[in-house]
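Some notes on the structure that comes next.
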Amino acid sequence: LNAFSIDKYEVTNVDYRECFLAGVCEPEVLHDDRPEDFNKPHQPVVFVNWKDAETYCSWRDGKLPSEAQWEAAAQGQKLGGAHYQQLYATGSPKEVGKLDANSNGLYDMMGNVYEWSRDDFSSVKAGEEMPSSKDEDKVVKGGSWNSPSHYLRISDRVKKDPVLRYSDVGFRCIQVEQ
């Protein structure tokens, strides 16, 4: 892998709102039944599709991490705290950075929200970086607030439709070092 840096925290509602106010990002979408549970300023932004996440990272002169980059950032002796196994009807993400960081000083790599990667689900093999298409299912990593514990593994990969918006999927960005 080429050298890169990854955001210390998942992108929050406040962060994403700045992009919207700059006229770059689409407006946030709120939960139909419980908007107050998902729209606190320092919670990870959710209900953003893959293109929304990609647009935000580009606005910050970055991009979404590949699956391999995400896994490299999540590795370490200490995986950090995890918010998971919450009931869908009553659970929601926690504010970012409230649990212990992992060995690399990154917060919420496990649990809280799945994180979009830039990789297509069908074409990626462990450790490889592959070109991505806009239409194919994407890999999300890390598990979420409503995941069972067996989804909280660095190597676990889940596929999500890039056009849809989910209450348990957010993202963080990387910058590739020149």
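The values are calculated or read from the model by the stated rules, or taken from the named source; none is laboratory data. Everything numeric here is computed off the predicted structure, so don't read it as measured data. A quick note on method: Cβ atoms are made from the backbone with ideal geometry, for glycine too, and the neighbour counts reach across all protein chains shown. When the accessible area is computed, the model is the full protein with side chains, heavy atoms only, and any ligands, DNA or RNA have been set aside. Shrake-Rupley method; radii C 1.70, N 1.55, O 1.52, S 1.80 Å.
On the chain, 49 percent of the accessible area sits on carbon and sulfur atoms, based on a 1.4 Å probe.
Summing Cβ point charges (Lys, Arg +1; Asp, Glu -1) relative to the Cα centre of the chain gives a dipole of roughly 340 debye.
Taking a ≥ b ≥ c as the square roots of the eigenvalues of the alpha carbon gyration tensor, the chain is rounded, as a/c is under 1.5. Helical runs assigned H by DSSP (4 residues or longer) give the chain a calculated mean residue ellipticity at 222 nm of -4500 deg cm²/dmol, each run adding -39500 (n - 2.57) before division by the residue total. The simple spin-label model puts a point 7 Å past each Cα toward its Cβ; for LEU87 and VAL163 those points are separated by 3.4 nm.
Note on the chain: GNM, Cα springs under 10 Å; of ASP156, ASP135, ASP119, the largest mean-square fluctuation is that of ASP135.
Counting only residues at least eight positions apart within a chain, or on another chain, the lysines with an alpha carbon under 19 Å from that of LYS141 are LYS8, LYS51, LYS63, LYS78, LYS94, LYS125, LYS159, LYS160. Largest GNM mean-square fluctuation across VAL48, VAL24, VAL140, computed for the chain with C-alpha springs under 10 Å, falls on VAL24.
With contacts taken as Cα pairs under 8 Å and at least 6 residues apart, the chain reaches a relative contact order of 31 percent.
With the cut-off at 1.5 for a/c, could you classify region 48-115 from its C-alpha gyration tensor as rounded, prolate or oblate?
Oblate shape, in that a/c is at least 1.5 and b/c is the bigger or equal ratio.
In straight-distance terms, cross-link reach from LYS98 covers every one of the aspartates and glutamates whose alpha-carbon lies under 14 Å from its own, apart from those fewer than eight places away in the same chain; here that gives GLU10, ASP108. For the options ALA72, ALA101, ALA22, a Gaussian network treatment of the chain with springs between C-alpha atoms closer than 10 Å singles out ALA22 as fluctuating the most.
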